[in-house]
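Working notes for the structure below.
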Amino acid sequence: MDQKIMDFRSDTVTRPSREMRRVIASAEVGDDIYGDDPSSNALSEYAAEITGKEAAIYACSGTMGNLLALLTAGRHGESVLAGKSSHILCSEVGGAAAIAGLCPYELSDEGGIPSPEEIDRAARIDGDVHHARTSILALENTHNYAGGIASAPEEFAAAAREGKRLGFHVHLDGARIFNAAVRHGVPVSAYTKEADSVQFCLSKGLGAPLGSMLCGSREFIDEAVRWRKRIGGAQRQLGIAAAAGLYALRHNIERLAEDHENAALLVKLLKAGGVAVEEVRNMTNMVFFPLHGCRLSDAEFEAGCREKGLLLLAISPRRIRLVTHLDVTRADAERAAEIISEVLSS
């Protein structure tokens, strides 16, 4: 009998369910560049509605969605404020600088969301000729590298409102914003209403095979459409992908709570086995622990787990991440903890 492979590397590894595949196969399609793809139009309308924005467009990925926001709201040669460990600065191949032409200024984000005081200190608005004037504040929620922290609505609002007070366009990198909303028991609009634009992923916890949405004012999205075309992101019969995204939004939001429960169980079991799991307030579907004191290299530890049927990720040197998602069961979380203990003890 083949060994079951449990994939905890990311919530991006999910596969479409049988029902989602049926929806994809029967999707109505048209040419989205001409605006006549009914499935794409329906997805954009629904995404705008639930985020409380005037309009939305589909982007190929979260990275593209964030880049479109920076291109649309920024001005070449100015600056963007973002967390020093944010996805926009650390994991998008320098697109903010290389393509949008924005100078990045780092904010402290160990707690997920920078404080209003930190934002005020980092802002470049004093007219000093030596500075790249700030035009965008980018906030991330949930925050990946900070441990999957789901910042509370009031904490997020305080940071966003400080950005607006300073005259910045506030962009929310909400790749996993629905995890934050479910974690705090609020509608996603509790967060998105505080931002001028928001990007969220369909292809992570929501379980669609690809794609993200960028939402904002109608004027903002109209300009983002032009930028999407310019960088090669406009597509034709988009409805095949859009139908999956719409299904995900309508059926897979509330079930994110199961992922959070499985992650909490994994933490409990790992700690019981002596693993020094990182303590994260308002955790969601991510579990991190260091390999300090382990004689195995990162690659050797990954290989040892893989041999036993567990895929996980050394997301940075000596730091391991596991992510729960809709293809991970409670039993998988229990077995994952066993495997990790076995490999560490060996």
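Tabulated results
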read-out: Single residue of the stretch 146-193 satisfying the filter (part of a loop (DSSP other than H, G, I, E, B) and surrounded by 24 or more Cβ atoms within 10 Å (Cβ to Cβ)) that is farthest from the chain's Cα centre (by Cα); value: 151
read-out: Pair list, Cβ under 6 Å, 6 or more apart: the stretch 256-283 residue assigned to a helix (DSSP H, G or I), other residue of a type in the set (S, T, N, Q); value: 256/179; 259/285; 259/324; 260/284; 260/285; 262/324; 263/285; 263/324
read-out: Any hit, the stretch 290-312, residues being within 19 Å of the chain's Cα centre (by Cα) and either farther than 16 Å from residue 13 by Cβ or in a strand (DSSP E or B) (or both); value: no
read-out: Helices (runs of 4 or more DSSP H) wholly inside the stretch 1-119 containing at least 2 residues that are out of contact with any helix residue (DSSP H, G or I) (no Cβ under 6 Å at 6 or more places or on another chain), in contact (Cβ under 8 Å) with a residue 60 or more places away in the chain and assigned by TED's automatic domain parsing to the domain that holds residue 167; value: 38-51, 62-73
read-out: Long-range neighbours under 9 Å by Cβ, at least six apart or interchain, first residue closer than 14 Å to residue 199 by Cα within the stretch 218-230, second among the acidic types (Asp, Glu); value: 220/54; 220/196; 221/54
read-out: Filtered residues of the stretch 218-245 (kept if aliphatic (A, V, I, L, M), in a helix (DSSP H, G or I) and in contact with a Ser or Thr (Cβ under 7 Å, 6 or more places away or on another chain)); value: 224, 242, 243
read-out: Residue under evaluation residue 123, criteria (1) crowded, with 18+ Cβ neighbours inside 10 Å; (2) at pLDDT 95 or above, criterion not met; value: (2)
read-out: Residue among 255, 230, 281, 226 that is among the basic types (Lys, Arg), surrounded by fewer than 21 Cβ atoms within 10 Å (Cβ to Cβ), within 28 Å of residue 40 (Cα to Cα) and within 19 Å of the chain's Cα centre (by Cα); value: 255
read-out: Qualifying residue in the stretch 84-96 (condition: in contact with a Pro (Cβ under 7 Å, 6 or more places away or on another chain) and under 24 Å from residue 320 (Cα atoms)); value: yes
read-out: Selection within the stretch 258-268 - surrounded by fewer than 19 Cβ atoms within 10 Å (Cβ to Cβ) and among the aliphatic types (A, V, I, L, M); value: 264, 265
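The values are calculated or read from the model by the stated rules, or taken from the named source; none is laboratory data. In this text the structure is predicted, and so the values were computed from the model without any measurement. A quick note on method: Cβ atoms are made from the backbone with ideal geometry, for glycine too, and the neighbour counts reach across all protein chains shown.
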